[in-house]
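*Asks:* Sharing a structure here in structure tokens format.
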Amino acid sequence: MQTPFRLNDFLLVVVVIASMITAIVFPDFGSRFQVFPVYCLMINFFLSYLSIDLADVWKALKDHIREITEFTVLKLAILPVIIYYIFYFVAPDYATAALLLTGVSTGVVSPMISNMVKGNSSLVLVVVVITSVLAPFTLPALIKIVVARETAISFLAMFKMLAMVIFIPIILVEIIRYMLPRLVAPILKIQFPVSLLMFALMNLGVFYRYAHFFKEEPSVIIMATLVAFVLAAIYCAVGIFFFRKGPLHNHLAGAVMLGNVNNVLVIVFSSQFFGPVEPLVAAMY
């Protein structure tokens, strides 16, 4: 029997929080997992992409090409810049975190969430794939242009990291789907427990390095949580407003596509190139 989604959601929250606390309280233990985050992220993406059929994506793309193009530009280029400068003047320490979360790809579980709220899931499915493919190019470009960290971060290094964790799982999924299709169903059956393990290993391997900072500045955790809530509210409001002239299921799809971001990618990516605040905000989201 399949575990109810709400129970899965609860278990995920428990695992994420528990693994973060463990890494912060016992950093020596967490340091043993420092090489795991990137590979765990790739495994999680592989499991998530396995439930997406590209044939369905191409079909849906033909039906919504204008809306998808406009929304993608908003999601990956326009909104991240606006959000960054809002936070730059209101809460500058969290501006980069806001940029990363806003400019990252739509979360791969968005079609499932869209189905639950009766949104336009075909539209959501296409945006998930397109933003996932474009993010390795657009997110580093945003960082270089907006944050202006030319001397600190290499565009090529950011692109290589994002391309590896996104494209390799997609390629592996397509190979298995067309050459070993019998493996798809058995793998999907173990998707959730494996994903939980990957989340735990990622958090252990990321947050141990910031243990001293979080112990010295515990208020940052509260602020990061507040920022995450504010961002979520903005995303949902903008998503609904973007499709305001369309039917209700498009309103819901817009809220899901902007509100459900690939925050796990931001956790791992930002831990490679930024300080403790960015992965913390992503984790709280």
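The values are calculated or read from the model by the stated rules, or taken from the named source; none is laboratory data. All values derive from a computational prediction rather than experimental measurement. Cβ placement follows ideal geometry from the backbone for every residue including glycine, while neighbour counts extend to all protein chains displayed.
*Asks:* Could you check, for segment 41-49, whether at least one of its residues is of a type outside the set (D, E, K, R), under 15 Å from V206 (Cβ atoms) and touching a Ser or Thr at 6+ places or on another chain (Cβ under 6 Å)?
*Replies:* yes
*Asks:* In segment 195-226, how many are in a loop (DSSP other than H, G, I, E, B) and polar (S, T, N, Q)?
*Replies:* Keep residues of segment 195-226 that are in a loop (DSSP other than H, G, I, E, B), which gives 217-218.
Filter again for polar (S, T, N, Q), leaving none.
Residues meeting the conditions: 0.
*Asks:* Where in segment 26-69 are there helices (runs of 4 or more DSSP H), lying wholly inside it, with at least 3 residues that are among the aliphatic types (A, V, I, L, M)?
*Replies:* Details: elements: 27-30, 37-49, 54-63.
Correct list: 37-49, 54-63.
*Asks:* Considering segment 63-109 alone, what residues qualify as being more than 20 Å from the chain's Cα centre (by Cα) and basic (K, R)?
*Replies:* The answer is R66, and nothing else.
*Asks:* In addition: List the residue pairs whose Cβ atoms are under 7 Å apart, where the first residue sits in segment 82-99 and is under 15 Å from A232 (Cα atoms), the second is acidic (D, E) and surrounded by 15 or more Cβ atoms within 10 Å (Cβ to Cβ), and the two are 6 or more positions apart or on different chains.
*Replies:* A97/E278
*Asks:* Test A253 against the stated conditions and say whether it is aliphatic (A, V, I, L, M), under 30 Å from E67 (Cα atoms), at pLDDT 90 or above and surrounded by 20 or more Cβ atoms within 10 Å (Cβ to Cβ). Even if it seems obvious, please write down each step before you answer.
*Replies:* Working: aliphatic (A, V, I, L, M): yes; under 30 Å from E67 (Cα atoms): yes; at pLDDT 90 or above: no; surrounded by 20 or more Cβ atoms within 10 Å (Cβ to Cβ): yes.
Taking the combined requirement at face value, the residue does not satisfy it.
*Asks:* Would you point out which residue out of P181, P169, P186, P140 is over 20 Å from L50 (Cβ atoms) and not hydrophobic (A, V, I, L, M, F, W, C)?
*Replies:* Details: P181 fails: over 20 Å from L50 (Cβ atoms); P169 fails: over 20 Å from L50 (Cβ atoms); P186 fails: over 20 Å from L50 (Cβ atoms).
Matching residue, one of P181, P169, P186, P140: P140.
*Asks:* Right, next: Working only within segment 127-154, note down all residues that are within 17 Å of the chain's Cα centre (by Cα), surrounded by fewer than 16 Cβ atoms within 10 Å (Cβ to Cβ) and among the β-branched types (V, I, T). Don't jump to the end; show me each part of the working.
*Replies:* Quick first cut of segment 127-154, residues within 17 Å of the chain's Cα centre (by Cα) only: 127-140, 142-143.
Next, only the ones that are surrounded by fewer than 16 Cβ atoms within 10 Å (Cβ to Cβ) stay: 133, 137.
Result: V133, single match.
*Asks:* Right, next: Can you tell me which of I86, I113 is assigned to a helix (DSSP H, G or I), out of contact with any Gly (no Cβ under 9 Å at 6 or more places or on another chain) and among the β-branched types (V, I, T)?
*Replies:* Values: I113 fails: out of contact with any Gly (no Cβ under 9 Å at 6 or more places or on another chain).
Selected residue: I86, the only one of I86, I113 that is assigned to a helix (DSSP H, G or I), out of contact with any Gly (no Cβ under 9 Å at 6 or more places or on another chain) and among the β-branched types (V, I, T).
*Asks:* Taking the stated definitions as given, is A97 assigned to a helix (DSSP H, G or I) and closer than 17 Å to P279 by Cβ? Outline the logic, then answer.
*Replies:* Numbers: assigned to a helix (DSSP H, G or I): yes; closer than 17 Å to P279 by Cβ: yes.
Considered against the rule, which asks whether it is assigned to a helix (DSSP H, G or I) and closer than 17 Å to P279 by Cβ, A97 comes out as yes.
*Asks:* Taking segment 155-191, which residues are over 21 Å from the mean Cα position of the chain (by Cα) and aromatic (F, W, Y)?
*Replies:* Listed by number, the list holds a single entry, Y178.
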